[in-house]
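As structure tokens, the structure follows; a few thoughts come after it.
The values are calculated or read from the model by the stated rules, or taken from the named source; none is laboratory data. Since we're looking at a predicted model, the values are computed, not measured. Heads up, the Cβs are rebuilt from the backbone with ideal geometry, glycines too, and the neighbour counts pull from every protein chain shown. To get the accessible areas, we keep the full protein, side chains included, count just its heavy atoms, and leave off ligands, DNA and RNA. Shrake-Rupley method; radii C 1.70, N 1.55, O 1.52, S 1.80 Å.
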Amino acid sequence: MGVVNITPDSFYDGGRYDLPERAIAHALELIEQGADIIDIGGESTRPGAVAVSENDELDRVIPVLEGLVPHVSVPISIDTTKSRVARLALDTGASIINDVSALRQDPNMADVVARSGAAVVLMHMQGTPRTMQQSPRYADVGAEVLQFFEERVEAALLAGIARTNIILDPGFGFGKLLSHNLDLLRGLSSFMMLNCPLLVGLSRKGFIGSIVGKAVDRREWGTAAAVALAVDRGAKIVRVHDVAMMIDVVKMAAALSPLWATYEQEHDA
Ligand code: HH2
């Protein structure tokens with residue numbers, strides 16, 4: 001999943017693609033590099049980010065979708081917590097809703113997803129983007145995220161969303177200290193028991209920076225290591241800024257992982 005943020009303030013690509021033509025060109029470039037999904041966002045969720053109004057978010061994402069949809073065959077995901085943005089994006093051709101609030105922020109979101117038949121990413125977050133990094137606390141982060149997934153899957157099913165349309169994401173960096181992020185990545189395969197594809201968003205995140213001691217624009221090798229291990233531990237979708245680099249990392253990790261042992265059968269045939 002290649003990331004395109006149409007925002008002035010995203011933590012890595014903020015301000016680079018905030019004109020529709022630039023965002024469209026970048027999305028096409030990521031697809032050319034091998035992205036199977038494009039995730040378009042009109043609101044930064046970085047710690048302390050300022051909320052964006054519904055109209056501003058729509059003004060950012062809809063022109064990009066309109067320009068992109070007729071020219072691409074890969075699914076397009078919209079990174080939003082707002083049901084109206086989701087509904088208009090789905091009407092314009094998006095087919096995945098990436099909701100970092102896991103259908104909790106907007107009471108109409110579950111219904112919009114259910115009615116459309118779209119897929120949805122349910123991401124774990126403790127707190128809200130404004131407050132989440134202030135003092136995240138867990139007794140057992142893996143157990144708490146697992147319980148959260150069980151509750152949110154139940155809520156999604158109750159709203160009429162098909163189980164096969166649910167993708168789960170532990171939410172790296174969303175209300176987590178370094179130790180929480182590391183515990184979640186070490187234990188990622190434990191979430192496979194829920195039988196939903198796992199998505200991870202690790203790309204250039206702060207916890208990688210705090211280990212490698214590098215600024216956001218020099219975290220690609222740290223990201224590569226984290227992505228390889230996530231794929232080895234069951235991640236099915238990796239959300240990244242650098243598709244050209246990460247595509248080979250993903251291919252090698254998937255070929256080597258015991259969890260993806262069907263690889264040889266597919267390729268030897
Ligand atoms: N991370 C970010 C944004 N959206 N969605 C999911 N499902 N999982 C993630 O880990 C995730 C996400 C943060 O990254 P980015 O979009 O690059 O930054 P910003 O939120 O500042 O726009």
Output the residue which, of all residues in the range 197-213 that are in contact with a helix residue (DSSP H, G or I) (Cβ under 7 Å, 6 or more places away or on another chain) and of a type outside the set (Gly, Ala, Ser), is most open to solvent (accessible area, probe 1.4 Å). 211
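Residue-wise test of (1) within 16 Å of the ligand (Cβ to nearest atom); (2) at pLDDT below 95.
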position: 168; (1), (2): yes, no
position: 178; (1), (2): yes, no
position: 184; (1), (2): yes, no
position: 190; (1), (2): no, no
position: 201; (1), (2): yes, no
position: 208; (1), (2): yes, no
position: 231; (1), (2): yes, no
position: 252; (1), (2): no, no
position: 266; (1), (2): no, yes
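Out of the range 20-68, which residues are among the acidic types (Asp, Glu), open to solvent by 10 Å² or more (accessible area, probe 1.4 Å) and under 15 Å from the mean Cα position of the chain (by Cα)? Spell out the reasoning first.
Initial filter on the range 20-68 (among the acidic types (Asp, Glu)): 21, 29, 32, 36, 39, 43, 54, 56-57, 59, 66.
Checking the rest, the ones that are also open to solvent by 10 Å² or more (accessible area, probe 1.4 Å) come to 21, 29, 32, 36, 43, 54, 56, 59, 66.
Passing the criteria: 36, 43.
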Checklist (1) crowded, with 16+ Cβ neighbours inside 10 Å; (2) free of Cβ contacts under 8 Å to residues at least 24 places away in the same chain applied to residue 226, failing item: (2)
Could you list, ordered by first residue, the pairs with Cβ atoms under 8 Å in which the first is in the range 143-156 and in contact (Cβ under 8 Å) with a residue 24 or more places away in the chain and the second is open to solvent by 80 Å² or more (accessible area, probe 1.4 Å), at least 6 apart or interchain? 152/104; 153/163
Among the residues of the range 92-118, write down those that are of a type in the set (Gly, Ala, Ser) and closer than 24 Å to residue 59 by Cβ. 93, 94, 95, 101, 116, 118
Taking the condition over 19 Å from residue 234 (Cα atoms) and open to solvent by less than 40 Å² (accessible area, probe 1.4 Å), does residue 139 pass? no
Would a scan of the range 112-134 turn up a residue that is part of a helix (DSSP H, G or I), free of Cβ contacts under 8 Å to residues at least 60 places away in the same chain, under 27 Å from residue 211 (Cβ atoms) and within 16 Å of the chain's Cα centre (by Cα)? no
Single match in 81, 92, 7 (criterion: of a type in the set (S, T, N, Q) and surrounded by fewer than 19 Cβ atoms within 10 Å (Cβ to Cβ)): 92
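Okay, residues lined up against (1) away from the ligand (no atom under 12 Å from the Cβ); (2) farther than 21 Å from residue 113 by Cα; (3) basic (Lys, Arg); (4) touching a strand residue (DSSP E or B) at 6+ places or on another chain (Cβ under 7 Å):
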residue	(1), (2), (3), (4)
29	yes, yes, no, no
35	yes, yes, no, yes
47	no, yes, no, no
53	yes, no, no, no
62	yes, no, no, no
66	yes, no, no, no
70	yes, yes, no, no
73	yes, no, no, no
82	yes, no, yes, no
List every residue pair whose Cβ atoms lie under 7 Å apart, where the two residues are 6 or more positions apart in sequence or sit on different chains, the first residue falls within the range 13-29 and is within 16 Å of residue 57 (Cβ to Cβ), and the second residue, located anywhere, is within 11 Å of the ligand (Cβ to nearest atom) and aliphatic (A, V, I, L, M). 17/4; 17/6; 18/6; 23/4; 23/6
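When you check residue 23 against the structure, is it among the small types (Gly, Ala, Ser), within 14 Å of the ligand (Cβ to nearest atom) and modelled with pLDDT under 95, yes or no?
On the way: among the small types (Gly, Ala, Ser): yes; within 14 Å of the ligand (Cβ to nearest atom): yes; modelled with pLDDT under 95: no.
The answer is no for residue 23.
If only one of 215, 156, 139 is away from the ligand (no atom under 16 Å from the Cβ) and more than 15 Å from the chain's Cα centre (by Cα), which one is it?
On the way: 215 fails: away from the ligand (no atom under 16 Å from the Cβ); 156 fails: away from the ligand (no atom under 16 Å from the Cβ).
Just one listed residue meets the conditions, 139.
Would you mention how many residues in the range 84-117 are of a type in the set (Gly, Ala, Ser) and within 16 Å of the ligand (Cβ to nearest atom)?
Looking only at that region, the number is 6.
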